[in-house]
Amino acid sequence: MDQPIQPIVDALSRPLKDLRISVTDRCNFRCTYCMPKEIFGSNYSFLPHEKILTFEEIERLVRIFSQLGVEKIRITGGEPLLRKDLEELIHKIALVDTIRDIALTTNASMLTLQRAQRLREAGLKRLTVSLDSLQDNIFGSMNGVRFPVQRVLQGIQAAKEAGFTSVKVNMVVQKGKNDNAIIEMAEYFRGTGHVLRLIEYMDVGTTNGWSLQDVVSANEILLKISSRWPLEPIPARSPNDVAKRYRYLDGEGEIGLITSVTNPFCHGCSRARLSSDGKVYTCLFAADGLDIKTPMREGASDKEIKEILCSLWQHRRDRYSEIRTDATVALPKVEMSRIGG
Ligand code: SAM
Ligand code: SF4
Ligand code: SF4
């Protein structure tokens, strides 16, 4: 039986509800906005095996986090499906009493029907697939390795056949790169049960050369889509949901807008992030995280680990997106591939 829950809030009264777990810092893509190949080349040193948390260590941390109020887990990376036997981890997490949702974000390059079925059987509830365009020339240059669109679409189809009837499709919109692909993407996913989520390009990490001029605002995106197919806002599913939801008036489904740059949602941010090397980050834009792996490997008890996490959260004041300026863009920040999106 799991320990009783003792929900905690941070210094800005935000509860701890979600945990994003990056299971690897490696990826088989080199998306220009995340892991540009000029930096993440053959000389880049990824984490060695022994520095990466084992599934047992992650499971233990999930149990402890769940005692502090975490109910939702998202598995991410790097590319999480690169981690062999990921299903085992999902199965372990699914057995934690108080975890009511387990989701996975993937580039779908390795999402076969068999893998999707195994993930579902293990207890995965929801899948998000990233896809930035339906055109091979655009997608290929954005993913940095010329990965074909068709293979990602096959992954989404495999997910559907395995029972993930409503896949979320993440599209990072970058001015001059794929903003012309918005209508085509919306058209393709309308009426399929899948939900296209359009994400404002963010200044994560320090390697993607972000500039505000490359951001297409959610308002522009909304205008583009709604002038073709009228939309109306619909309520968030939960108070800490980051996507603003809109539904097509003709009944062909919904879209989501992630307005992290133009309309930040730090006030409701209830997420902690666990990196693959065992650091806990309280913000996507943090410079560093708290090393929880070392005390864990040195024999700290669950109670001691819980106290460390509790104190970290209770002191949290992060609200980077609300205070973003030209000056903050240059601050040191952890890479997204290390802590997940
Ligand atoms: N490799 C997996 C994938 O791409 O789905 C999971 C990890 S990836 C870091 C998680 C999400 O972050 C993806 O949907 C990706 O598009 C998004 N992302 C990465 N860099 C971003 C950026 N600079 N701005 C906005 N979203 C970004
Ligand atoms: Fe890899 Fe995902 Fe980053 Fe693209 S966004 S480089 S697929 S981790
Ligand atoms: Fe949460 Fe940090 Fe993003 Fe604000 S900037 S929503 S605090 S992760």
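The values are calculated or read from the model by the stated rules, or taken from the named source; none is laboratory data. Remember, it's a predicted structure, so these values are computed and weren't measured experimentally. Cβ placement follows ideal geometry from the backbone for every residue including glycine, while neighbour counts extend to all protein chains displayed. With ligands, DNA and RNA removed, areas are computed over all heavy atoms of the protein, side chains included. Shrake-Rupley method; radii C 1.70, N 1.55, O 1.52, S 1.80 Å.
Looking only at segment 124-153, count every residue that is over 17 Å from N178 (Cα atoms), assigned to a helix (DSSP H, G or I) and touching a residue at least 40 places away in the same chain (Cβ under 8 Å) and tell me the total.
Within segment 124-153, residues that are over 17 Å from N178 (Cα atoms), assigned to a helix (DSSP H, G or I) and touching a residue at least 40 places away in the same chain (Cβ under 8 Å) number 1.
Residue under question is N178, and the condition is that it be polar (S, T, N, Q) and either surrounded by 19 or more Cβ atoms within 10 Å (Cβ to Cβ) or touching a helix residue (DSSP H, G or I) at 6+ places or on another chain (Cβ under 8 Å) (or both); does it hold?
Taking the combined requirement at face value, the residue satisfies it.
Being touching a helix residue (DSSP H, G or I) at 6+ places or on another chain (Cβ under 8 Å) and not hydroxyl-bearing (S, T, Y) is the filter; apply it to segment 249-263 and report the residue that is most open to solvent (accessible area, probe 1.4 Å). Step through it out loud before you land on a result.
Step one: filter segment 249-263 for residues touching a helix residue (DSSP H, G or I) at 6+ places or on another chain (Cβ under 8 Å), giving 253, 255, 257-263.
Applying the additional criterion that residues be not hydroxyl-bearing (S, T, Y) yields 253, 255, 257-258, 261, 263.
Values: G253: 36, I255: 1, L257: 5, I258: 14, V261: 22, N263: 74 Å².
Out of the qualifying residues, it is N263.
Looking only at segment 261-272, decide whether some residue is within 16 Å of ligand 2 (Cβ to nearest atom) and touching a residue at least 40 places away in the same chain (Cβ under 8 Å).
Of segment 261-272, the ones within 16 Å of ligand 2 (Cβ to nearest atom) are none.
No, segment 261-272 contains no residue that is within 16 Å of ligand 2 (Cβ to nearest atom) and touching a residue at least 40 places away in the same chain (Cβ under 8 Å).
Got a sec? Which strands (runs of 3 or more DSSP E) wholly within segment 1-112 have at least 2 residues that are in contact with a helix residue (DSSP H, G or I) (Cβ under 6 Å, 6 or more places away or on another chain) and open to solvent by less than 60 Å² (accessible area, probe 1.4 Å)?
Working: elements: 18-22, 72-76, 101-106.
In segment 1-112, the matching strands (runs of 3 or more DSSP E) lie at 18-22, 101-106.
Only residues that are open to solvent by 30 Å² or more (accessible area, probe 1.4 Å) and under 22 Å from G340 (Cα atoms): list them for segment 147-172, please.
Within segment 147-172, S166, K168 qualify.
Could you tell me how many of the residues in segment 10-50 are within 22 Å of the chain's Cα centre (by Cα) and more than 16 Å from ligand 2 (Cβ to nearest atom)?
Residues of segment 10-50 that are within 22 Å of the chain's Cα centre (by Cα), as a first pass: 10, 14-37, 39-40, 46-47.
Retained after the next criterion (residues that are more than 16 Å from ligand 2 (Cβ to nearest atom)): 10, 14-19.
Within segment 10-50, residues that are within 22 Å of the chain's Cα centre (by Cα) and more than 16 Å from ligand 2 (Cβ to nearest atom) number 7.
Quick one: which of K37, K17, K84 is of a type in the set (D, E, K, R) and free of Cβ contacts under 8 Å to residues at least 40 places away in the same chain?
K84
Which of the numbered conditions does W210 fail, given that it passes all the others? Conditions: (1) open to solvent by 20 Å² or more (accessible area, probe 1.4 Å); (2) among the aromatic types (F, W, Y); (3) away from ligand 2 (no atom under 16 Å from the Cβ).
Failed condition: (3).
Exactly one condition in (1) within 16 Å of ligand 1 (Cβ to nearest atom); (2) surrounded by fewer than 17 Cβ atoms within 10 Å (Cβ to Cβ) is false for H315; which is it?
(1)
Condition (residue is more than 12 Å from ligand 3 (Cβ to nearest atom) and open to solvent by less than 30 Å² (accessible area, probe 1.4 Å)) applied to segment 279-287: is it met by at least one residue?
Within segment 279-287, one or more residues are more than 12 Å from ligand 3 (Cβ to nearest atom) and open to solvent by less than 30 Å² (accessible area, probe 1.4 Å).
Determine if segment 319-341 includes at least one residue that is away from ligand 1 (no atom under 16 Å from the Cβ), in contact (Cβ under 8 Å) with a residue 24 or more places away in the chain and closer than 22 Å to A11 by Cα.
Checked against the condition, which is being away from ligand 1 (no atom under 16 Å from the Cβ), in contact (Cβ under 8 Å) with a residue 24 or more places away in the chain and closer than 22 Å to A11 by Cα, segment 319-341 yields at least one hit.
Name the residues in segment 264-276 that are assigned to a loop (DSSP other than H, G, I, E, B) and open to solvent by less than 20 Å² (accessible area, probe 1.4 Å), would you? Quick ask: steps written out before the conclusion?
Of all residues in segment 264-276, those assigned to a loop (DSSP other than H, G, I, E, B) come to 264-265, 269-270, 275-276.
Within segment 264-276, S270, S275, S276 meet the criteria.
Taking D136 as the residue in question, decide whether it is of a type in the set (D, E), at pLDDT 95 or above and closer than 23 Å to P36 by Cα.
Working: of a type in the set (D, E): yes; at pLDDT 95 or above: yes; closer than 23 Å to P36 by Cα: yes.
Taking the combined requirement at face value, the residue satisfies it.
Pairs under 6 Å by beta carbon, first residue closer than 30 Å to E322 by Cβ in segment 284-305, partner exposed (fewer than 13 other Cβ atoms within 10 Å of the Cβ), six or more apart or different chains?
That search, which allows pairs on different chains as well, returns A287/P332.
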